[in-house]
Every structure is written in structure tokens, then in C-alpha cells.
Amino acid sequence: MNIKARRTLFITLFLLPTCICFLVFYAYPILQILATSFCQWDYTNMTSPKLLPMNDLFANYKYIFREYPYFWEALRNSLGWALVGVCIQVPLTLVVSIVLSKGLKGSRFARNVYIIPSVISSAAMGLIFLQLYNARYGPIQQIIQMFKPGYTENILLVPGVNFWAIVCAYVFFCGTTTIMLLGQIHAIPAELYEAAKIDGAKGLKRELYITIPLVKPTIKTVTTLAATSGFLLYNEVFFLTNGAAGTKSISYIIRELAITSTRTQYARANTIGVVQIFIGLILVSIINFVFSLEKRSHRNEVGR
Amino acid sequence: MKKIKENNPMGVQKGEAIFGYIVLGVICVIALFPIIWVVLASFKGDLLAEPGFTLPKALVFDGYIKVLTKLGIWKYFLNSAITATCGAVLSIIMLSMSSYIIARFQFRGKKLITACLMATMFVPVSALTFPVYNLIKNMGLFDTRLGLIFVYTCSGIAISFMVIRNYFATIPVELEEAARIDGCTYVQTFVKIMFPIARPGIFTAGVLAWLQLWNEFYWGSLLVIDRTKMTVPAILSQFTTSFSTDYNGLLSAIVVIIIPPVILFCCCSKFFIEALSGGAVKG
């Protein structure tokens, strides 16, 4: 075997597992949900999806947008969680990692403590928050009663309030991303800070003009993660309300339609899947656009 | 410590320090409040008689005795450990092979493969719920740990791919060339030279992947229905129904299930933090 053939064989063999995994786990399912979103496929014809008639090809989409009672509720919630995730988690991650980078006494302890919620899983945190919110013995109820004596309602069943109750169960726990950002801050060369000191940049100014611009790529990653994890929220919804009282998310209705429901609607679940991928792509594009915008305006400033 | 000082040549001002300590205090409260409450409440005999955030009047261990003797909690930890570790290891081996090729070789279709792998980051797994569920069923892997390991191996590949490829890209090409001149085959160069050198990057990706899978709930609760094969997050979803009004038992079970990961983390926090921060933060 000559060298060239050996090289080709090596490349092929080393890429093969990843490619198989991509084809089986991503490409094939994506094509399947795209194709079956134009099919009639539910609990009545489980084994054989049937293509919809040509004049009514978009029936599933029409059903989802116009008739399915939970789609708009789920979309509103999921987008809301994505937005809240970005607005709270990104500044929080940034502030905490900058503070941790100062090496104050006790910051190692605080850093290790802050990751604990990420280590014990969002499922466990969901279950713990379910207990915290319990109307009969939870401490949150006790706090509410200090302001509103005699309040006995279960806040997880109060529409609107329960949206924020779910937010509180996940939004403050960003230990892993904080450590990633902290790593990037530590990687900033000390000379830059020395130069800044000579130029008179102190305190907040130093963070705004040196630290933050230098870790911007990681901030973008943190933003993307916050937005997508909020948009795809499932665990907290499942554990806290199980979709009751207007708290369904997109992931929740997909799983309900595809598996949990007694009248499973595979095609319609897949249709929502297509919509979910599409909106997810829009969200990511918006984030990319916003970050490229800032870079451009920054460049203009420097140019001037 | 040295590194931190280098990063702050002017030292920290007083105002900054006060703000800093407030932030540190707040994050500790945020992280510990739920856990401390659960631990306190789990010792209360009658939770309804002593609601809220109070110290238990008398320590009651009934719940713990019941949980430790009946629930067989180790089974679930073992399942979680097996599926998360196998999934992460297989996924990392597979991706370090392909990201090495992508980082080092020129060939036709390279751009396409890279684009496909990166695009998987934006494919939400929940959108693929039914096709994957169906696939696992057709493969005869439904309700087995093997099926879960398969799904875990394939999920979250984009982040690992990115981390490992970026690490390979930082290694000087000369090292490889030297190995090739010394007569190493392609496989030997990878196994003996490149893989060991890229270990820090591969570790980062591995720890990230493992943490993700250890906490994974969506597939864990979907693809396994036999209780004895369930992972820790999946079994948690059964707690509220199986304990129903036995609050003491429920809270004790929660405590028992969150303590081992916390202890594990405290023992290896150095390792975790160095890996997550890409080696920049010392544990």
C-alpha cells in the first residue's frame, strides 16, 4: 500500500465513527422530522406515516399555529425564559467571575460552593425547589406570609407568578459558565493591566475597557448557552408544575405529543420540532448579529 | 495565588473589596440556601408542624433509616456512573480522533464535515425526541443502559469537538513531523504523540461532557422505564409519587441522593476547576 492510500485510509477510519454518529443521531432524525411534518401520522396509524394530500400539505403547521391550544403559550414561555436567562445569567456570570478573579480572601471557598448546584443536577434542584415552594411547609411560603398574612395559595399554580418561580429554580445557578469565564479572565496578560494602571484606568473603568472586551468571545458563548438553555427548558417545568397553569414549554409539548399523551401525535410533535429548530436558529443568529454589531461600532471608535 | 497577584498589579481597592465580599456572600447564600433547608427539614419529624426555615425541634432519623435500608440508592449511582462515564469516554475518544484529522489534515469535504459537526450545537435534542425514541426502539435498545450510552455518546458532540480541535491546533506541527520521520505510522503518531500532548484539552472536554451526562434528565427519564436501570436524575422524577405524603422520607431521600456528588466534587474540586477553566485557574 502506498503512502497516499494509507493516508486516505487513516483519514477515513478516524472520521468514520463521528460521521456515523452524526448521520444516525442528527442527520437522519432531522430529515425524518422534516419529512413527517408533512405527513399524517398519529396513534391511528402508528407504523406507517402517510403523506398529506397536496392541497393540504401544511395541515400540521396550520393545526399547530391555529388550533393546538398550547403552542402559543409554550412559545411565549420558552422565549420568555430565553430572554430572562440572557438578561440575568450573563451579567451575573460576568460580575461573579470578575469578583472571583480578584483573589479576595475566601473566594476559593465561594467559588467551590457556587458550583455545587451544577454538580447535583437540575433535576435534583427542581425537586428541592418543589419542596421550597410547597404551600404547606416550604420556606418561600413563610416569606410571602410575612408580607401577606394568611396567604395560602400554591404559588406554582398562580399563572404569571409560576413563570418567575420556575425562573428562580435555575437562573442563578451558573457555576460552570462562571468558571469558564474565570479561566479566560485569568488568561489575560498582566502587562495589559499594568499599562492600564499607567493610563489611569482604575476600578470599574478597568473592567469595562480591558477585561470585558478581552473576554468578549466567551461572553458570546455564555449568552448563547443562556438563551438556548432557557429556550429549551424542560426539567424545571417537569418537576415544578408538570405543565400546569400555563407553564408549558416547547420541549414539554413536543414530549407530551410524541410520547406521554394517550393520543400520540407523532407528526405534529415533529412539526413542533421543526419550528423549535427554526426559532433556535433565529435566536442564535440574533446573538451573533448583536455581537458583530458591537465589534463594528468599536472598530469605528478606534478609527476615529 | 501567585497568578492572581500578577493579574492585579495595583491590588484591590477598598470599595471594590466591599462589593466583592457582598457578591461572594450572595452567591454562597444562593447556592447553599436550598441545600441547607432540605437537610434541616429532613430531620424534622412532622414537617407540617414545623414549616419553613427553622431548626428541627428534635432530630428524627426515621426517613434516613427507611431510605438507606429500602431504596437501594447505590444502584442508581452505579447506573449513573456507568452511563455517564461510558458515554463521555466513548464520545471523547471518537471526537479526539476526528478533531485531530480536522485540525491537521487537508482533504476534500473537510469544510462540510466541520460545518455539520458545528451545526449540531444548534439542534435541540427535544426536537428530535420522537425519531431518536423510535430509533432506539427499532435497535432493540429501549429500556437498556446500552441505549442510553449510545444516545449519550452522540449528544453534545459540538462542544467537545470545538474544545479538542482548538487544543490540537495549538500543538506545533514539528512534533508530528519528527515522529513521522522517526518511522511512526499515522496511528502511532496519534496514539503515542498527539493524544498524550493534547491531554489537557481532552480532559476539559471530558469533564464538561461527563458533568453534562451525569446531570442528564431528558433521555434518562425517557429511554429507561425499568426502575432498577434508572440513573439518579431519572429516579428523582419518581420520588414525588412513590413517597406521596411521606415528607420525611422524601426529603431524606433527596439529601441522600445529593450528598455523594457533593462529596465527590469536594474531593476533586481541584481537578474539576482546572479542567473547566482550561487549566488557567488553580484549584
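The values are calculated or read from the model by the stated rules, or taken from the named source; none is laboratory data. This is a predicted model, so every value here is computed, not measured. FYI the Cβ positions are ideal-geometry reconstructions off the backbone, even for glycines, and counts take in every protein chain you see.
Taking the conditions (1) farther than 22 Å from A:ILE20 by Cα; (2) buried (at least 16 other Cβ atoms within 10 Å of the Cβ); (3) more than 13 Å from chain A (Cβ to nearest Cβ); (4) not aliphatic (A, V, I, L, M) in turn, B:THR189 satisfies each one other than (3).
Against the list (1) facing chain A (nearest Cβ under 10 Å); (2) out of contact with any Phe, Trp or Tyr (no Cβ under 8 Å at 6 or more places or on another chain); (3) of a type outside the set (Gly, Ala, Ser), the condition B:VAL132 fails is (2). For the range A:11-29, the criterion of being surrounded by fewer than 19 Cβ atoms within 10 Å (Cβ to Cβ) and in a loop (DSSP other than H, G, I, E, B) is satisfied by no residue at all. Filtering the range B:120-140 for residues that are surrounded by fewer than 16 Cβ atoms within 10 Å (Cβ to Cβ) and either outside the structural domain of B:ILE257 (by TED's automatic domain parsing) or in contact (Cβ under 8 Å) with a residue 40 or more places away in the chain (or both) leaves an empty set. Among the residues of the range A:195-222, those that are more than 15 Å from A:ILE88 (Cβ to Cβ) and touching a residue at least 40 places away in the same chain (Cβ under 8 Å) comprise A:GLU207, A:THR211, A:ILE212, A:PRO213, A:LYS216, A:LYS220, A:THR221. Would you say B:VAL39 is of a type in the set (Val, Ile, Thr) and either at the interface with chain A (Cβ under 7 Å from one of its Cβ atoms) or at positive phi (or both)? Against the criterion (of a type in the set (Val, Ile, Thr) and either at the interface with chain A (Cβ under 7 Å from one of its Cβ atoms) or at positive phi (or both)), B:VAL39 does not qualify. The residues on offer are A:LEU192, A:LEU225, and the sole one that is surrounded by fewer than 23 Cβ atoms within 10 Å (Cβ to Cβ), of a type in the set (A, V, I, L, M), without any contact (Cβ under 8 Å) to a residue 24 or more places away in the chain and facing another protein chain (nearest Cβ under 10 Å) is A:LEU192.
Taking the criterion of being in a helix (DSSP H, G or I) and β-branched (Val, Ile, Thr), the residues of the range A:30-56 that qualify are A:ILE30, A:ILE33, A:THR36.
The residues in the range A:195-215 that are farther than 17 Å from A:SER97 by Cβ and surrounded by 14 or more Cβ atoms within 10 Å (Cβ to Cβ) can be counted, and the count is 3. Checked against (1) within 11 Å of chain B (Cβ to nearest Cβ); (2) over 19 Å from A:VAL274 (Cβ atoms); (3) touching a residue at least 24 places away in the same chain (Cβ under 8 Å), A:TYR43 passes all but condition (1).
Scoring A:VAL302 on the criteria (1) at pLDDT below 80; (2) surrounded by 19 or more Cβ atoms within 10 Å (Cβ to Cβ) leaves a single failure, condition (2). Might you check whether a residue that is assigned to a loop (DSSP other than H, G, I, E, B), within 12 Å of chain A (Cβ to nearest Cβ) and over 30 Å from B:THR144 (Cα atoms) occurs anywhere in the range B:79-101? Within the range B:79-101, none of the residues are assigned to a loop (DSSP other than H, G, I, E, B), within 12 Å of chain A (Cβ to nearest Cβ) and over 30 Å from B:THR144 (Cα atoms). Residue check: is A:VAL96 modelled with pLDDT of 90 or more, surrounded by 18 or more Cβ atoms within 10 Å (Cβ to Cβ) and on the phi < 0 side of the Ramachandran plot? Against the criterion (modelled with pLDDT of 90 or more, surrounded by 18 or more Cβ atoms within 10 Å (Cβ to Cβ) and on the phi < 0 side of the Ramachandran plot), A:VAL96 qualifies. Regarding B:ALA179, is this residue surrounded by fewer than 19 Cβ atoms within 10 Å (Cβ to Cβ), at pLDDT below 90 and either touching a Ser or Thr at 6+ places or on another chain (Cβ under 6 Å) or of a type in the set (Phe, Trp, Tyr) (or both)? Yes. In the range B:31-51, of all residues being under 12 Å from A:PRO139 (Cα atoms) and buried (at least 16 other Cβ atoms within 10 Å of the Cβ), the one that is nearest to the chain's Cα centre (by Cα) corresponds to B:PRO34. When the residues of the range A:156-181 are filtered to those that are within 12 Å of chain B (Cβ to nearest Cβ) and assigned to a loop (DSSP other than H, G, I, E, B), the one that is farthest from A:GLY126 (Cα to Cα) is A:CYS174. Just one of the numbered conditions (1) facing chain A (nearest Cβ under 7 Å); (2) at pLDDT below 80; (3) out of contact with any Pro (no Cβ under 7 Å at 6 or more places or on another chain) is not true of B:VAL67: (1). From the list A:GLN141, A:GLN89, the lone residue that is surrounded by 20 or more Cβ atoms within 10 Å (Cβ to Cβ), more than 7 Å from chain B (Cβ to nearest Cβ) and either over 28 Å from A:ILE179 (Cβ atoms) or modelled with pLDDT under 85 (or both) is A:GLN141.
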